[in-house]
Amino acid sequence: MKNEDHLQEIRRQVDMFFDHALSLDDQKNLLNRVKQDPTYHQVFSQEQHMRQNLRNSVQRPGVTPDFIQSIKDHIKMG
């Protein structure tokens, strides 16, 4: 069970990295561990690959300038 907990922690850290939820020092520390530890490297690479595939395969609908303006107007009116 200890190994599973360790792997869960690695995944949590990698997720936080890609979600931009780590401080700069924590980001640097994680990247150093990715370079040094094959387990970190594997989890990091898998997550990076999955996110790139999602980004490339998901079609986002276009947003018109009028729609953006209507949102801004709605926010201003509160």
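The values are calculated or read from the model by the stated rules, or taken from the named source; none is laboratory data. Keep in mind it's a predicted model, so treat the numbers as computed, not measured. Methodologically, a virtual Cβ is constructed for each residue, glycine included, from the backbone with ideal geometry; neighbour enumeration extends over all protein chains shown.
A few points about this structure:
- Identity of the residue in segment 1-41, without any contact (Cβ under 8 Å) to a residue 24 or more places away in the chain and of a type in the set (Lys, Arg), that ends up surrounded by the fewest Cβ atoms within 10 Å (Cβ to Cβ): 2
- For segment 42-78, a tally of residues being modelled with pLDDT of 90 or more, surrounded by fewer than 11 Cβ atoms within 10 Å (Cβ to Cβ), among the β-branched types (Val, Ile, Thr) and closer than 30 Å to residue 7 by Cα returns 0.
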